[in-house]
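Let me begin by presenting the structure, written as structure tokens, before commenting on it.
Derivation of every value follows stated rules applied to the coordinates shown; laboratory data play no part. Just so it is clear, the structure is predicted and the values come from calculations on it, not from any experiment. Glycine gets a Cβ as well: all are built from the backbone with ideal geometry, and neighbour counts include every protein chain shown.
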Amino acid sequence: MTRKKIDLSVDFCGVKFNNPFLLSSSPVSNSAEMVANAFEAGWSGVAFKTLNSDRVRIVHPSPRMNPYHYGSKRLVGLQNVEQISDRPLKDNLLDFLYLKKNYPDRVIISSIMGFSNEEWAYLAKASEDNGADMLELNFSCPHMTVEGSGHKVGQANHLIEKFTETVKRAVSIPVLAKMTPNITDMTEPALYAKQGGADGIAAINTVRGISQIGLDDWTARPKVAGIGAISGTSGPAVKPIGLRFIADLAKCEQLGLPLSGQGGIETWIDALEYLLLGSTTLQVTTGIIHYGYRIVEDLIEGLSDYMAERNIERVADLVGKALPTLQETDKFDLDRQGTAHYDVERCVGCGQCLVVCNDSAGQALEWDAEKRRPRLIEDKCLSCMVCSFVCPVTDLITYKEQPKNWQRQETEVMGKDLEGQLKLEVCK
């Protein structure tokens, strides 16, 4: 059987990418040598580590990162106080020229951060003149040591619009606005970016957080000369937040701009979820820090195999496919109820389901001591499915939908009984 050719290329803001996978603006995209290695591995583009004009001296704190381990799980998150590029602007621009000469089919996105309106324009024009295919405006770094920059700009809508408009006037290449997740509603600042002329939106940057406190010195990590700080958290731990913001942006009809998604992407499944919620391109940092540039091979292979199995030829056809069924909770059909279903023949008798059901759910399980197996009391099951989350056997506990109005009938009977008891108490 001949396998159909899978097309992973995407058009993003009028620029063609060989595949949707990019390095995000971070330590993994700090120099031409690093980016060249990534391109050789298969990445289709890079958002180069954020440039500045050299007017403000950038010094990185030391140490600048700390891992977020959880139990036996390694690097479920990464805490960092990384600043923008501390390299001279000239060196970074020479890197652009080198990369475009040697990898003409790869996309260079210049991430920039100005400290004045003039600097935004200068950095934008300098990037375009030296080969950048696109710009990404860093309105989102959560821990800049220079006051009034990074996410502080991303929380000031008038500045987002002003600086975006300034950059758009200075260049002819597409402009992305990179939004901060350290707000409640990302659509509002994104609309201001659009009003300023942005061609697309990138989201999310790292989330302000604290992932560890030293128990010996009571100081947040990373500890810099005895001082900790609220700083950027990235990695799989923040993926649900990233997916939520991408979905919000994609569903905002007034916005209507293409999206570059990022936040916790390590596997092809992570990548697929971002695509299905509206991202056209995908940016990665912490996954590379954990596993190296080679993870792009797994991303490409996994996504390609999924598409082949589904008979989907173009990755672009996946973008936004999950959005029609993503609604607010008031759209749920509450007449459709269900219960957990147990395949007891496969049960290993660990009893974990009994513990969690009794302590955090509907107390809907009895224990058959002789058979060492759970027995479900369907009328009490809340269909929360927490039992399935802790079961060590895959798909042993599944969801079973009951006949329509099944749960409602039980509730009505309980309500009538309670009503009768209350009347009885009043009569007494």
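Please give the helix 89-102 orientation as an angle from the longest Cα principal axis of the chain, in degrees from 0 to 90, rounded to the nearest 10.
For helix 89-102, the angle is close to 80 degrees.
Quick check: from the Cα gyration tensor, does region 1-114 come out rounded (a/c under 1.5), prolate or oblate?
Because a/c hits 1.5 or more and a/b fails to exceed b/c, region 1-114 counts as oblate.
For I213 and V59 in one chain, what is 0.36 nm times their gap in residues minus the Cα-Cα distance, to one decimal in nm?
53.0 nm
List the lysines whose Cα sits under 24 Å from the Cα of K162, skipping any in the same chain fewer than 8 residues away.
Cross-link targets: K49, K125, K152, K178, K194.
Can you tell me the relative contact order of region 122-179? Whole percent, Cα pairs under 8 Å, sequence separation 6 or more.
Computed value for region 122-179: 45 percent relative contact order.
With the contact rule set at Cα under 8 Å and sequence spacing of 6 or more, what percent relative contact order holds for the chain?
14 percent
Setting aside same-chain residues fewer than 8 positions from K101, which aspartates and glutamates have a Cα under 16 Å from its Cα?
E33, E40, D91, E128, D129, D133
Using label points projected 7 Å from each Cα along Cα→Cβ, tell me how many nm separate A369 and Q155, to one decimal.
5.9 nm
So what's the angle, to the nearest 10 degrees on a 0 to 90 scale, between helix 406-427 and the longest Cα principal axis of the chain?
Result, in degrees: 60.
Could you work out how far apart the two model spin labels at D129 and D86 are, taking each label as a point 7 Å from the Cα in the direction of the beta carbon, and quote it in nm?
Each label point is offset 7 Å from its Cα along the Cβ direction, giving 2.8 nm.
Classify region 187-309 from the C-alpha gyration tensor, please: rounded if a/c falls under 1.5, else prolate or oblate depending on whether a/b exceeds b/c.
Note, shape of region 187-309 comes out oblate.
Which order do T325, T166 fall in if you start with the one that has the fewest other Cβ atoms within 10 Å?
Fewest-to-most Cβ neighbours within 10 Å comes out as T325, T166.
Please compute the modelled spin-label separation between E188 and I377, points set 7 Å along Cα→Cβ, answer in nm with one decimal.
For I377 paired with E188, the spin-label model returns 4.8 nm.
Report the local net charge at I173: Lys and Arg +1, Asp and Glu -1, summed over other residues whose C-beta lies under 12 Å from its C-beta. Could the numbers behind the result be given before it?
On the way: positive: K125, K168; negative: E128, D129, D133, E136, D199.
The answer is -3.
Could you give the length gained on full extension between S172 and R294, defined as 0.36 nm per residue of separation minus the Cα-Cα distance, in nm?
40.6 nm
How far is helix 117-129 tilted off the main Cα axis of the chain, in degrees rounded to 10, range 0 to 90?
80 degrees
Within a 10 angstrom radius of the beta carbon, how do K100, K178 rank from fewest other beta carbons to most?
So the residues, fewest neighbours to most, are K100, K178.
Multiply the residue gap between Q195 and I230 by 0.36 nm, knock off their C-alpha separation, and tell me the result in nm, one decimal place.
9.5 nm
Rounded to the nearest 500 deg cm²/dmol, what is the calculated helix-only ellipticity per residue at 222 nm for the chain, with -39500 (n - 2.57) per DSSP H run of length n ≥ 4?
Values: 13 runs with 143 residues, N = 428.
Value at 222 nm, helices only: -10000 deg cm²/dmol.
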